[in-house]
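Worksheet for the structure shown next.
The values are calculated or read from the model by the stated rules, or taken from the named source; none is laboratory data. Model, not experiment: these values are computed from the prediction. Glycine also receives a Cβ, built like all others from the backbone with ideal geometry; neighbour counts cover every protein chain displayed.
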Amino acid sequence: MPDALSESQRLLAQLRFPCGDVPEPGDIKNVAPGIHWLRMPLPFQLNHINLWLIEEKDGWTIVDTGINSQDTRALWEKIFAEKLQGKPVVRVIGTHLHPDHIGLAGWLCEKWSAPLYMTLGEYMSAQAARNDFVESEETRAEHVKRNGVPAERIANFHRHKGGYAKGVVPLPTSYRRMIHAHPIIIGGHRWDVIVGRGHAPEHASLWCPELNVMIAGDQVLPKISTNVGVWPNEPLADALTWFLDGFSRFRRLPADALVLPSHGFPFIGLHTRLDQLVAHHDARLNDMELAIARMGPNGATAWDMVPVLFPRHLDNNQIVFAFGETLAHLHCLETRARVKRNLVDGVYRFTALADLNAQPPADDTDGVVMDIGQT
């Protein structure tokens, strides 16, 4: 088997990266007519986010904002002072609710008296998360316990309480709603809203046919597979199925579209990348099904399956995202009638429905590292 690094290089070689080097902190880089790339730091293992400035006749539209931090604010102030040509910000767009994407949306909207554009699912979910209305500690504990997390590890899943509000300043109390397939005009061009699910409730990507450019957010990333998880407030969600089904919306776009992702480099090769992601998740589903079959008639819990999906050391922060991702794969297997869920002594156990050969799971990762960071 090829090692993970060489396989990753092989997959990346199937894409084209036409935009060159990353813009320096506080700088912007033109990547398409009227569209500028900037990058902000993140204090996580995934250490950056790409943001986008689109030039309007009388101002600028910002797409995604960065996390709420002094470093990010200082870099924005530098851009405002040096790069906007004296024109104001007239609109802020948030692709989805995660802190690296809308952490400073409220600050930017207030500073520029600009409206916030989001989908309904993202705006309302963000408001709920920021005000700690999403789930209680009891709900969280019951969810992880029912999926096999040992009692002594449950406390790890409570560490994130209040973390969202630290990364996201208060959002505006009103917003402009984006709806799937309803276009909006940005920079004098029509941009179609493409809603995807699985990574977030109603993640908005933006597609401009005239420019052959898609601002992808976290839906299609060039190197990593974005986190797709199941969370305590929606414990039976089939997030991975929703995520993969949404690819049909992106396959309608031209194969040579310039994709502007939130992490990594702008690239060309959309259809190829979708194929890679499907193959990656199919391989992980196969590994999990086989591992469950080898567990025998008692099956396995979601907690048992975490090291199958993530065969490496995970810190206390990563384990939370890895557990959600593992559940998403198990629920997808259940939807595909490849495993059956049983409640045994208050804990869900999954058993394989096919009689599989007892062979070890594949040890390669298709060169695609799952993002279990903060996106």
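Checking PRO297 against (1) part of a loop (DSSP other than H, G, I, E, B); (2) within 20 Å of the chain's Cα centre (by Cα); (3) not charged (D, E, K, R), which test does it fail?
Failed condition: (2).
Among the candidates LYS78, LYS87, single out the residue that is farther than 19 Å from TYR175 by Cα and assigned to a loop (DSSP other than H, G, I, E, B).
Values: LYS78 fails: assigned to a loop (DSSP other than H, G, I, E, B).
Criteria check complete, one pass: LYS87.
Could you run through the stretch 313-337 and say how many residues are charged (D, E, K, R) and either more than 14 Å from ALA237 (Cβ to Cβ) or not assigned by TED's automatic domain parsing to the domain that holds MET288 (or both)?
Qualifying residue count for the region: 2.
Take the residues in the stretch 255-307 that are surrounded by fewer than 19 Cβ atoms within 10 Å (Cβ to Cβ) and under 19 Å from GLY148 (Cα atoms); name whichever of them is modelled with the lowest pLDDT.
GLY296
Out of (1) of a type in the set (Ser, Thr, Tyr); (2) closer than 27 Å to GLY106 by Cα; (3) not in a loop (DSSP other than H, G, I, E, B), what's the single condition that is false for SER174?
(3)
Given the condition outside any strand (DSSP E or B) and under 15 Å from LEU258 (Cβ atoms), answer yes or no: does some residue in the stretch 196-210 qualify? Show your work before the answer.
Keep residues of the stretch 196-210 that are outside any strand (DSSP E or B), which gives 197-202, 209-210.
Filter again for under 15 Å from LEU258 (Cβ atoms), leaving 209-210.
Yes, the stretch 196-210 contains at least one residue that is outside any strand (DSSP E or B) and under 15 Å from LEU258 (Cβ atoms).
Results for (1) over 20 Å from the mean Cα position of the chain (by Cα); (2) in contact (Cβ under 8 Å) with a residue 24 or more places away in the chain, shown as yes or no for each residue.
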{"position": "LYS166", "(1), (2)": "no, yes"}
{"position": "MET178", "(1), (2)": "no, yes"}
{"position": "PRO183", "(1), (2)": "yes, no"}
{"position": "GLY187", "(1), (2)": "yes, yes"}
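Every residue in the stretch 189-210 that is over 16 Å from THR61 (Cα atoms) and not charged (D, E, K, R), please.
Step one: of the stretch 189-210, the residues over 16 Å from THR61 (Cα atoms) are 194-203, 209-210.
Those that are over 16 Å from THR61 (Cα atoms) and not charged (D, E, K, R): ILE194, VAL195, GLY196, GLY198, HIS199, ALA200, PRO201, HIS203, PRO209.
Of all residues in the stretch 225-252, how many are among the hydrophobic types (A, V, I, L, M, F, W, C) and crowded, with 21+ Cβ neighbours inside 10 Å?
Step one: list which residues in the stretch 225-252 are among the hydrophobic types (A, V, I, L, M, F, W, C), which gives 228, 230-231, 236-237, 239-240, 242-244, 247, 250.
Restricting the remaining residues to those that are crowded, with 21+ Cβ neighbours inside 10 Å gives 228, 230, 239-240, 243, 250.
Number of matching residues: 6.
Could you give every pair whose Cβ atoms fall below 6 Å, whose first residue belongs to the stretch 291-308 and is farther than 17 Å from VAL320 by Cβ, and whose second residue is at pLDDT 95 or above and of a type in the set (Phe, Trp, Tyr), counting only separations of at least 6 or pairs across chains?
Here the result reads ILE292/PHE350; GLY299/PHE350; ALA300/PHE350, each pair linking the stretch 291-308 to a residue that is at pLDDT 95 or above and of a type in the set (Phe, Trp, Tyr).
Select from the stretch 311-353 the residues that are of a type in the set (Phe, Trp, Tyr) and at pLDDT 95 or above and write down the one among them that is nearest to ILE292 (Cα to Cα). If you could, list the steps in order and put the result at the bottom.
Here is the first cut: in the stretch 311-353, the residues of a type in the set (Phe, Trp, Tyr) are 321, 323, 348, 350.
With at pLDDT 95 or above added as a condition, the list becomes 323, 348, 350.
Working: PHE323: 16, TYR348: 13, PHE350: 7 Å.
Per the stated criteria, the residue is PHE350.
Only one residue in LYS87, LYS83, LYS145, LYS78 is surrounded by 14 or more Cβ atoms within 10 Å (Cβ to Cβ) and either within 23 Å of the chain's Cα centre (by Cα) or closer than 28 Å to ASP21 by Cβ (or both). Which one? Walk me through it before giving the result.
Details: LYS87 fails: surrounded by 14 or more Cβ atoms within 10 Å (Cβ to Cβ); LYS145 fails: either within 23 Å of the chain's Cα centre (by Cα) or closer than 28 Å to ASP21 by Cβ (or both); LYS78 fails: surrounded by 14 or more Cβ atoms within 10 Å (Cβ to Cβ).
LYS83 is the lone residue from the list that is surrounded by 14 or more Cβ atoms within 10 Å (Cβ to Cβ) and either within 23 Å of the chain's Cα centre (by Cα) or closer than 28 Å to ASP21 by Cβ (or both).
Six or more apart or on different chains, Cβ atoms under 8 Å: show the pairs whose first residue is in the stretch 94-107 and farther than 15 Å from ALA216 by Cα and whose second is basic (Lys, Arg).
LEU104/ARG73; TRP107/ARG73
Suppose the filter is under 18 Å from ARG349 (Cβ atoms), part of a loop (DSSP other than H, G, I, E, B) and out of contact with any Leu (no Cβ under 6 Å at 6 or more places or on another chain); does LEU221 pass it?
Values: under 18 Å from ARG349 (Cβ atoms): no; part of a loop (DSSP other than H, G, I, E, B): yes; out of contact with any Leu (no Cβ under 6 Å at 6 or more places or on another chain): yes.
When the stated conditions are applied, LEU221 does not pass them.
So VAL134 fits all but one of (1) modelled with pLDDT of 95 or more; (2) more than 30 Å from PRO254 (Cα to Cα); what number is the exception?
(1)
Name the single residue that is farthest from VAL144 (Cα to Cα) among those in the stretch 308-349 being surrounded by fewer than 17 Cβ atoms within 10 Å (Cβ to Cβ) and among the basic types (Lys, Arg).
Checked the stretch 308-349; the qualifying residue farthest from VAL144 (Cα to Cα) is ARG336.
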